Ligand code: NCD
């Protein structure tokens, strides 16, 4: 077994394996009866932050593989009584949950869970750190439109600073050979970009010029302190991807957004629902990559140095 905590920790081979597995699952649509080994397994879905698409697609992925799942939120569980993450994880382990899918507002929380849980832990988004399965869904979608990610110019536009989706995509797409551009107001670009394999643009026209893929991100108001943007309408006037600004990118470019979209802010309706948009394909592929991630996490490969391997786990 192995954890899926961050794309940054993965070898290119792992990323390729995951993407191939997801494409194969999509093509051959496994029925629960062809995935007997997972039938006895129970997935614990630990969501400390709101989520619609990620939670539902993990549930659909579990169902597709014939796995059982049980959901825990902050309300309705002992977490609301102040139980620590460590104790919650140890309790889940003792009740016989086989794997954890976890979303948490603290960056790095899944690493702590992985330390105390004896099965695979899959990060479903941790704070401002990573959201590996979203990046895998995005790469899978890109690969359905281009033969390879290598050499593509991919511009990620918007609130990069608060975005775990951006961080996972920066690592994944650059590992696969793309030129990654981060575009947004200076206050919403990474503060210490030195270690990131991407270039920074605070001007939309330069940032998305000739892009093969334009990925817009949500303005994460819940993580945003005051003073980062002067107003949402000013943001929209400078960084919105709309029927006028999209012309700066390549005519056949893909328009992506991990959702949820603030319509009329990051994207206008014409572009969100237009011919270049692959947003619903991202959602659809989210289920297949999550099935792949679950299979991969349970697969019995113990020589994977990059993905942290837990001791004493069931394989
Ligand atoms: C993102 C998230 O929660 O990280 N959404 C998602 O999982 N598809 C992005 C966001 O909240 O803006």
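Tabulated results
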| read-out | value |
| --- | --- |
| Label-to-label distance, nm, for residues given as residue 87 and residue 186 (7 Å Cα→Cβ offset) | 4.7 |
| Length-normalised contact order for the chain - Cα pairs under 8 Å, 6+ apart - percent | 24 |
| Pair residue 230, residue 273: separation of 7 Å Cα→Cβ label points (nm) | 3.2 |
| The chain: most fluctuating residue of 26, 221, 115 per GNM, C-alpha cutoff 10 Å | 221 |
| Spin-label zone in segment 153-183 - amide nitrogen under 13 Å from a point set 7 Å from the Cα of residue 238 along the C-beta vector | 158-159, 183 |
| Cα-based helix-to-principal-axis angle, 53-64 vs the chain, degrees rounded to 10 | 40 |
| Over the chain: helical MRE at 222 nm, DSSP H runs n ≥ 4 each giving -39500 (n - 2.57), nearest 500 | -10500 deg cm²/dmol |
| Relative contact order computed over segment 122-224 (Cα-Cα under 8 Å; 6+ residues apart), in percent | 31 |
| GNM flexibility winner over the chain from 210, 28, 242 (Cα, springs under 10 Å) | 28 |
| Anisotropy class of segment 83-180 from Cα gyration tensor, a/c 1.5 cut | prolate |
| Hull-based mean projected area of the chain, where the convex hull spans the alpha carbons, in square nanometres | 15.7 |
| Label point distance in nm, residue 247-residue 12, each placed 7 Å from Cα along Cα→Cβ | 3.9 |
| C-alpha long axis of helix 12-28 to longest principal axis of the chain, angle in ° | 80 |
| Beta bridge orientation in the chain: antiparallel %, DSSP, nearest 5 | 5 |
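Each reported figure results from applying straightforward, stated rules to the coordinates on display, with no laboratory input. Note that the coordinates shown come from a computational prediction; the quantities given were computed from them, not determined experimentally. Note that each Cβ is placed from the backbone with ideal geometry, even for glycine, and that neighbours are counted across all protein chains shown.
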